Amino acid sequence: MNLQENIRRILREEIELNSTERVYDYQEGRDTVPEKLPFDIDKLVNSGVVFVTPAIDGDPNSETYKEWLEEPYTHLISLRNVEHSSKNSWVQKAITKRASTEAWKDNFVNKLYDGKYNQILWSLEKLGINPMNMLIKQEEDEELTEYARTLKNARQQGVGLRFPKSAIKANPQRFRPYNR
């Protein structure tokens, strides 16, 4: 099964799953979404589906509630988190600042628990964004494109397309006249 077929199958399963059956919270060890789509964190942030923010104390019982933490950690906050939080919550304060997405780029979807992944799907639905538009672009496609472009340039410039006379004489029909 190729990648496109696999992605379509996963999307079909997600759509068939009623949104009321989805879980949005964290529970250790639970994995209701074993196969996750390979989302691109930068595309999600740019479209407003998720927010990557500096670490902030979100515990309302702590003395440092809503204070920015000095730790090098970041929060991944979904649009669903924002819409389901009160105006005075730490989430509303946290989304006022942006942090780098670098910590999330490597193996992004495998760092997500099932509830956060479902929150991303909910946010995509809310914004009317096709999940296929948020996927990581496959490196193989980029490499093939680069290779094809290099070959095209070589052909146009005639680089490496001159053949030895012995090869041309052995099979003249194989070679175009301008390459002989």
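The values are calculated or read from the model by the stated rules, or taken from the named source; none is laboratory data. All values reported here derive from a predicted model rather than from experimental measurement. Here Cβ is always computed from backbone atoms with ideal geometry, including for glycine, and neighbour counts include all displayed protein chains.
Looking at (1) free of Cβ contacts under 8 Å to residues at least 12 places away in the same chain; (2) within 19 Å of ARG80 (Cβ to Cβ), find the lone condition where LEU112 falls short.
Among (1) free of Cβ contacts under 8 Å to residues at least 12 places away in the same chain; (2) within 19 Å of ARG80 (Cβ to Cβ), the lone unmet condition for LEU112 is (1).
Is it the case that LEU44 is modelled with pLDDT of 80 or more, outside any loop (DSSP other than H, G, I, E, B) and assigned by TED's automatic domain parsing to the domain that holds GLN119? Walk me through how you get there before you give the answer.
Numbers: modelled with pLDDT of 80 or more: yes; outside any loop (DSSP other than H, G, I, E, B): yes; assigned by TED's automatic domain parsing to the domain that holds GLN119: yes.
Spelling it out, LEU44 is indeed modelled with pLDDT of 80 or more, outside any loop (DSSP other than H, G, I, E, B) and assigned by TED's automatic domain parsing to the domain that holds GLN119.
Among the residues of segment 51-67, which ones are among the β-branched types (Val, Ile, Thr) and over 11 Å from ILE77 (Cβ atoms)?
Filtering segment 51-67 down to residues among the β-branched types (Val, Ile, Thr) leaves 52-53, 56, 64.
Correct list: THR64 only.
Out of all the residues in segment 54-106, which are among the basic types (Lys, Arg) and touching a helix residue (DSSP H, G or I) at 6+ places or on another chain (Cβ under 7 Å)?
Going residue by residue through segment 54-106, those that are among the basic types (Lys, Arg) are 66, 80, 87, 93, 97-98, 105.
Hits for segment 54-106 are LYS66, ARG80, LYS105.
Looking at segment 85-136, which of the residues that are in a helix (DSSP H, G or I) and of a type in the set (Asp, Glu) is modelled with the lowest pLDDT? Reasoning before the result, please.
At the first step, the residues of segment 85-136 found to be in a helix (DSSP H, G or I) are 90-94, 102-105, 108-111, 114-127, 131-134.
Adding the requirement that they be of a type in the set (Asp, Glu) leaves 102, 114, 125.
Working: GLU102: 87, ASP114: 80, GLU125: 88.
This residue is ASP114.
Scan segment 98-115 and tell me whether some residue there is within 19 Å of THR64 (Cβ to Cβ), assigned by TED's automatic domain parsing to the domain that holds ASP59 and out of contact with any strand residue (DSSP E or B) (no Cβ under 9 Å at 6 or more places or on another chain). Give the steps one after another, and end with the answer.
Applying the first criterion (within 19 Å of THR64 (Cβ to Cβ)) to segment 98-115 yields 99.
If we keep only those that are assigned by TED's automatic domain parsing to the domain that holds ASP59 too, we end up with 99.
Those left that are additionally out of contact with any strand residue (DSSP E or B) (no Cβ under 9 Å at 6 or more places or on another chain): none.
No: segment 98-115 contains no residue that is within 19 Å of THR64 (Cβ to Cβ), assigned by TED's automatic domain parsing to the domain that holds ASP59 and out of contact with any strand residue (DSSP E or B) (no Cβ under 9 Å at 6 or more places or on another chain).
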